[in-house]
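The values are calculated or read from the model by the stated rules, or taken from the named source; none is laboratory data. Predicted model, so just to flag it, every value in this text is computed and none were measured. Counting neighbours? That spans all protein chains shown, and the Cβs are built from the backbone with ideal geometry, glycine included.
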Amino acid sequence: MANSYAARFDSNTGGDTKLNLTNDAAQTINFVSDSGGDVVLEPNGGEADPDTLIEIGGQSYNFTYEMSATLPASTNDGAGKVPDEYEDSEVYVVTVHDYPSAGETTRLVFMPDEEASLDDMDSFQNGAIKLQNANTTESAAVCFAEGTLIDTDKGYVRIETLATGAMVRTLDQGFQPIVWISQTTHEWPGSEESYLPIEIRSGAMDGDLPMKDLVVSPQHRVLIQNSKAGPNGALAPAKGMLEKSGVRLMQGKKRITYYHLLLPAHSVVFANGLPCESFYPGEEALKALTKTQRIDLLRALSKSGCFDLRDYGAFARPVLSVQETRDLFDPDNVFHAA
């Protein structure tokens, strides 16, 4: 996935935690590694990033990473100049060197997690916007880890290469089109520890699955098919399987991007060969999405003929609680799924 973003120009300079956006139209920017470096934005003591460049209009420039922060939600802090769906969204601020001409600097601001278009960025109003929770010391990653392999009509492909309309193989309904796909990134320190990922190691589940290590969010459900899980199996949350050999909480993880894959109905898909659930737009899952993601999801569902989330349908299989999942893997427990 390209590290490409829509950005606005800011008239303020240096480490100022206020924005004063100019009248200039939004600009597409790209981050690329320099001489084999990474794509991590580093404060570097106020100097230019040591091994990452920014591309604007096909030209590469050095830049200084100023800070990460969140946009205000209070009118007193300038929230009236921020589109409603972007209040509380994270922004990164960078200063580009020798742009637009040699010897000049230009400050840019963009939202790393919102997939904002140029038009979206142009919808911000001019005037003072006071950034919240500014962090000027920690690096900010804009690259993504290797993706989960999803079984499709073209074979197994990385989830980050999939798009709306791609055909995904399901356990019950054959190939089904993607209605909506998005991603959410968490970093530590910063995010709640409850979002730390869980790794299911290769061969940890029945049938020597997954075929390679699989990393999922704690709430993500895996299809369990054994005598205790009922005649058609049951969907078990990963965080209930932590006592099972080969399943672990990735406590040292610094950054993770979770991908959300919505199909016309809740389904069992194949991730690294392991049967897992597709995204289900329930109340708790929606809380974990940004405002923009929720709007996009509802728009995508309405285009597919679902105008009310209550009409989306039931889960593909019985759903287990965390405790029921623990009981399922306890050899001394007689629990059976309904």
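Table: residues versus (1) β-branched (Val, Ile, Thr); (2) more than 26 Å from residue 123 (Cβ to Cβ); (3) touching a Leu at 6+ places or on another chain (Cβ under 7 Å); (4) in the same structural domain as residue 185 (by TED's automatic domain parsing).
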residue: 16; (1), (2), (3), (4): no, no, no, no
residue: 29; (1), (2), (3), (4): yes, no, yes, no
residue: 46; (1), (2), (3), (4): no, yes, no, no
residue: 53; (1), (2), (3), (4): no, yes, no, no
residue: 63; (1), (2), (3), (4): no, no, no, no
residue: 79; (1), (2), (3), (4): no, no, no, no
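Can you say whether residue 199 is under 28 Å from residue 295 (Cα atoms) and either touching a residue at least 40 places away in the same chain (Cβ under 8 Å) or not polar (S, T, N, Q) (or both), as far as the supplied structure shows? The answer is no for residue 199.
Across region 166-206, the number of residues qualifying as assigned to a loop (DSSP other than H, G, I, E, B) and closer than 30 Å to residue 91 by Cα comes to 9. Pairs linking a residue in region 137-162 that is of a type in the set (Lys, Arg) to a residue that is modelled with pLDDT of 65 or more, with Cβ atoms under 9 Å and 6 or more positions apart or on different chains, are 154/166; 154/167; 158/147; 158/148; 158/149; 158/150.
Inspection of region 143-158 finds no residue satisfying the criterion of being within 29 Å of residue 254 (Cβ to Cβ), in a strand (DSSP E or B), over 22 Å from the mean Cα position of the chain (by Cα) and at pLDDT 95 or above. Considering (1) surrounded by 18 or more Cβ atoms within 10 Å (Cβ to Cβ); (2) farther than 16 Å from residue 268 by Cα, the lone condition that residue 221 does not fulfil carries the number (2). Among the conditions (1) under 22 Å from the mean Cα position of the chain (by Cα); (2) at pLDDT 95 or above; (3) more than 29 Å from residue 324 (Cα to Cα), residue 175 misses just one, which is (1). Would you mind stating whether residue 289 is surrounded by 21 or more Cβ atoms within 10 Å (Cβ to Cβ), within 22 Å of the chain's Cα centre (by Cα) and aliphatic (A, V, I, L, M)? In short, no.
On the given criteria, is residue 126 in the same structural domain as residue 9 (by TED's automatic domain parsing) and surrounded by 14 or more Cβ atoms within 10 Å (Cβ to Cβ)? No: the conditions fail for residue 126. Applying the criterion of at least 1 residues that are more than 25 Å from residue 227 (Cβ to Cβ) to the helices (runs of 4 or more DSSP H) found wholly in region 251-331 leaves 283-287, 291-303. Across region 222-257, the number of residues qualifying as touching a helix residue (DSSP H, G or I) at 6+ places or on another chain (Cβ under 8 Å) and either closer than 18 Å to residue 319 by Cβ or small (Gly, Ala, Ser) (or both) comes to 12.
Tell me yes or no: at least one residue of region 217-238 is of a type in the set (Lys, Arg), at pLDDT below 90, over 13 Å from residue 150 (Cβ atoms) and assigned by TED's automatic domain parsing to the domain that holds residue 175. For region 217-238, residues of a type in the set (Lys, Arg), at pLDDT below 90, over 13 Å from residue 150 (Cβ atoms) and assigned by TED's automatic domain parsing to the domain that holds residue 175: present.
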